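Asker: First the structure, which I've put down as structure tokens, then a few questions once you've had a look.
Where a number appears in this text, it was derived from the coordinates with a stated rule and is not lab data. This one's a predicted model, so the numbers in the text were calculated from it and none came from an experiment. Methodologically, a virtual Cβ is constructed for each residue, glycine included, from the backbone with ideal geometry; neighbour enumeration extends over all protein chains shown.
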Amino acid sequence: MSHGMKTFYNGTSFGRDEIPVPDNDTFFQSVLDAITSGWRVCSYFGIPNAAGATLYCIMSSRAGSGTLGITSTSVGRSFPSLAAACPQLQMFEREIAEQCLTRPEGHPWFKPVRFQKPLCDGKGFWSETDGGGLLPGVTDFYRVDGDEVHEVAVGPVHAGIIEPGHFRFQCHGEEVFHLEIAHGFQHRGIEWSLIGGPTMRSMHLMETIAGDTTVGHAQAYCMNMETLAGIFASPRAETVRGIALELERLANHIGDLGAISGDTGYLPTSSFCGRIRGDFLNMTALLCGSRFGRGLLRPGGIGYDCDTAIAEEMQKRLQTGREEITQAINLLWSAPSVMARLEDTGVVSEVDAREIGLVGPAARACGLNRDVRRDHPFGIFRMSQIPVITGSSCDVYARTMVRWLEVQRSLDFIDEQVRHLPRGGYQTKMRPIAADCCAVALTEGWRGEICHTALTDGEGRFERYKIVDPSFHNWSGLELALRNQQISDFPLCNKSFNLSYCGFDL
Amino acid sequence: MANSIIHIFLALVMPPLLLGVIAKTKAAFAGRVGAPFLQPYYDILRLLHKGSVFSTTTTWIFRAGPIVTLATTAVAAMLIPFGAHPSPFSFQGDMILYAYLFALGRFFTMAAALDTGSSFEGMGSAREATYSCLAEPTLFFALITLSRLSGSYSLSPMLVNISFGVWLNNGAALLMLVGGMFIILLAENCRIPFDDPTTHLELTMIHEVMVLDHSGPALAIIHYAAALKLFVLGAFFVHLALPYATGNPYLDWGLFIISMLELAVVIGIVESVMARLRLIRIPQLLVAATILAAFSTLLVIR
């Protein structure tokens, strides 16, 4: 069943004329049908034009077939909203309204997403609010009324060194009734500046979408560029990319495990993980000189080769890293007071997680068996699979446990890959990219599914380059996790998701 | 006279050292070198050299908060005997004054927090009020037990009276009292598992969130008063748990200082090996402390 969509595989490109353009009713019905039968939305965006916008919807089929689907339609100044029936679409529809100035009729939660300027000329829907809908956080927040209800506003300036975001809690005593999160403070206009690309700067923009997911986003961009140019990265390059992706996952997961431990006030694991995270960042630096993997991935291959000396050194460091992290994390599991904090905190039910379309470790902790590395394999993961880890308790404990198990699987993976680095070149010469083409790349960053869609015009330039960071799917999950929880557990829930603000704000 | 001077000197100078020892212990458990022992002194000095910022929405209550807290804690420090030496001031019934001096200081801290009109500080005040209500009965049961054991209503005779002989006769009662008072010591001083004094997460704090708006010298006063409170309550606890007395006054002072440092190490260890409690669990532990203290009272009254 393709639900009237063009089906294709991850990391491939096809002519834009192959994308079906059904009428509005067929389009929305097929999206609805696909979601009902278990498909999931990866990306849903518009390209503004004089009359309205062209909407593109990219969906992932149910696990097993490995296919993706794309369909599109032309709409005027408004289109019917499906958010009430399919909550996973709600943020995408608001984004379309904000970027393309076309209104999702009947949207139950019609608010700005990033308080950004539209991609075309015109006035946004929120121009009557102060700041013309362009000042982040200036909007009508949901309110609970009553004598005993109070509102707590946190951010955008926080006490810790974290990114800016605004949180509104509607509380009854210590209990949270509702949490609303406002973003947009980090909006840099990345998608806007990619229109007309690629340029020399495009690669660097990709590496800074979310600084801690440099490799994940760079991988997706490289996949798109390579398929549009009709070239392939060498097996050696693909292997090193896979190693870098897993190193990124390791460093961030270990940092998160330490941060979760620190938020419960349990210092030993927190301190050890802080240091060990640095060791894993240094392994990425071993590959390319940058602790965050900047400059490692380049369209056509990798920027720096991984020679035998580096591979041997990495193997040695992995061994010590594995021993140290195992000790540090075992301390955490053996402290009953920590377990008491983690269990039953911040529960997102499996049904809710499926409805809002969670991705990554947050989804897997709710028992959703989804992982791009297995469902839509790319790069080295087409040859070497990493087992998917799922949890079942849907709480902070499950998210912590999933992270720890993923750390172990990633360690095994890197260990194996470093031993068997394919020989051969590491760079393929880049060629100009194809005109009138569409390319979609999905990768599994450490936060979850990253989706990049490139649509080129007649001259081989980006008409639109759409980026979906996993945080875009998952922030609503955090909002739900706080329902009927203690407000004092918010930092812990927040850490267990650890979502990106700048990846969301673009 | 010499004892009084040493008493006042120790009360003035030693409290921040306890914080330094706790921090060093925690660092050792976490495999770090940690800040120097004297870091809390440097911090207080640094803050004293800074300017203050006062929100225009606050009134004199906000400024009075730190000063009243320090003053009440300092008076309490004069009432409590350190080690085997009686306190500089004592009178019949000073145990009631001792208990309510802390309440007065807490009242002003909470009023100053509410004065800012911030939702965080309101939450912190609500938490502090709730938990201190639950902590107060334990202290009173402890005082009743001690006055029953010593036949006095004054802190000095009550506490100096405790010796290994008293432990031999009332071991069970004192053991429960030590358990209850240790919980109260941690709760009143905002240590783990009740509160995390090092956290930066304003939504989880209890004490720290109430003083978020204070800066410069006012914050230095708050830090110093908090250290002094730990010292004063710690001195009370040390009397119960480690009632050493040799008869030689200078040796006794030395023993007292060592006992206080031991206590700081124990607090550091507790903070290192366990996580914070969930806030809704805190009342349960406080009630457990009250029950322990109540049973110790029952045992000595029977």
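Asker: State, to one decimal in nm², a quarter of the convex hull surface area for the C-alpha atoms of segment A:411-472, i.e. the direction-averaged projected area.
Answerer: Averaging across all directions leaves 6.2 nm² for the Cα convex hull.
Asker: Please list, or write none, the aspartates and glutamates whose alpha carbon is within less than 17 Å of the alpha carbon of A:K316, excluding same-chain residues fewer than 8 places away.
Answerer: A:E246, A:D279, A:D307, A:E324, A:D412, A:D415, A:E416
Asker: Please state the Cα pair-distance histogram of segment A:6-136 with 10 angstrom bins from zero: what percent is in each bin?
Answerer: All Cα pairs, binned at 10 Å, distribute as 12, 42, 32, 12, 1 percent.
Asker: Right, here's the next one. Go ahead and collect, in residue order, the members of segment B:218-252 whose backbone nitrogen is under 18 Å from a label point 7 Å along the Cα-Cβ direction of B:T198.
Answerer: B:227
Asker: I need the peptides B:219-232, A:376-389 ranked by packing, meaning the mean over residues of other C-beta atoms within 10 angstrom, with the highest value on top.
Answerer: My ranking of the peptides, most packed first, is B:219-232, A:376-389.
Asker: Another question, then. Need one value for A:259-266: mean number of C-beta atoms belonging to other chains within 10 Å of its residues' C-beta atoms.
Answerer: For this peptide, the per-residue mean of nearby foreign Cβ atoms is 6.
Asker: Separate question: Nearest 20 debye, what's the magnitude of the dipole of the protein assembly as shown about its Cα centre given +1 on Lys and Arg Cβ and -1 on Asp and Glu Cβ?
Answerer: Charge dipole of the protein assembly as shown: 1420 debye, to the nearest 20.
Asker: Pop a pseudo-label 7 angstrom from the Cα along the beta-carbon direction at both B:R46 and B:V33 and give the gap in nm to one decimal.
Answerer: That separation, rounded to one decimal, is 1.6 nm.
Asker: In terms of modelled amide H atoms, which long-range or inter-chain residues lie less than 5 Å from the amide H of A:S43?
Answerer: Placed amide hydrogens put A:I58 under 5 Å from A:S43.
Asker: Here is a further query. Which of the lysines could a cross-linker bridge to B:K229, judged by Cα under 27 Å and excluding same-chain residues fewer than eight apart?
Answerer: Qualifying lysines at Cα under 27 Å: B:K24, B:K26, B:K50.
Asker: Now for a separate question. From the phi of every residue in segment A:338-353, what ³J(HN,Hα) in whole Hz does the Karplus formula 6.51 cos²θ - 1.76 cosθ + 1.60 yield, where θ is phi - 60° and glycine or proline is x?
Answerer: Here the 3J(HN,Hα) series is 6, 4, 4, 6, 7, 6, 6, 9, x, 7, 10, 5, 4, 4, 4, 4 Hz.
Asker: Another question about this same structure. Check cross-link reach from A:K111 to the aspartates and glutamates: straight Cα distance under 17 Å, and skip same-chain residues fewer than eight apart.
Answerer: Within reach: A:E93, A:E95, A:E98, A:E128, A:D130, A:D140, A:E180, A:E479, A:D505.
Asker: Taking a cut-off of 31 Å, what percent of all Cα-Cα pairs in chain B are separated by more than that?
Answerer: 27
Asker: Within 10 Å of each Cβ in B:194-207, how many Cβ atoms from other chains are there, averaged over the peptide?
Answerer: Values: counts 1, 1, 6, 1, 3, 6, 7, 13, 6, 15, 10, 2, 1, 0.
The mean count of partner-chain Cβ atoms within 10 Å per residue comes to 5.
Asker: For segment A:296-305, what does the Karplus curve 6.51 cos²θ - 1.76 cosθ + 1.60, with θ = phi - 60°, yield as ³J(HN,Hα) per residue in whole Hz, taken in order and with x for Gly and Pro?
Answerer: Each residue's phi maps through the Karplus curve to give 7, 8, 9, x, x, x, 10, x, 9, 7 Hz.
Asker: Could you tell me the calculated FRET efficiency between A:D17 and A:C120, based on Cβ-Cβ distance and R0 = 30 angstrom, to the nearest 0.05?
Answerer: 0.80
Asker: Roughly how many nanometres apart are two label points built 7 Å out from the Cα toward the Cβ at B:A288 and A:D145?
Answerer: The answer from the label model is 4.4 nm.
Asker: Only bridges with both residues in the protein assembly as shown count here: give the DSSP antiparallel percent, nearest 5.
Answerer: About 95 percent, rounded to the nearest 5.
Asker: Same structure again: To the nearest 500 deg cm²/dmol, what mean residue ellipticity at 222 nm is calculated for chain B from DSSP H runs of n ≥ 4 alone, each contributing -39,500 (n - 2.57), summed and divided by the residues?
Answerer: -24000 deg cm²/dmol
Asker: For the protein assembly as shown, what D do you get in µm² per second when you plug the Kirkwood radius from alpha-carbon pairs into Stokes-Einstein at 4 °C and 1.567 mPa s?
Answerer: Approximately 44 µm²/s, per Stokes-Einstein.
Asker: Compute the long axis of helix B:39-48 from its Cα atoms, compare it with the longest principal axis of the Cα atoms of chain B, and write down the angle in degrees, 0 to 90, nearest 10.
Answerer: Relative to chain B, helix B:39-48 is tipped by roughly 50 degrees.
Asker: Quick one: what are the phi-derived ³J(HN,Hα) couplings along segment A:77-88, Karplus 6.51/-1.76/1.60 with θ = phi - 60°, whole Hz, x for glycine and proline?
Answerer: Those phi angles translate into 7, 8, 8, x, 7, 9, 4, 5, 7, 10, x, 5 Hz.
Asker: Grab the Cα-Cα distance for A:L331 and A:F232, subtract it from 0.36 nm times how many residues apart they are, and report the gain in nm with one decimal.
Answerer: Residue separation times 0.36 nm, minus the Cα-Cα distance, leaves 31.2 nm.
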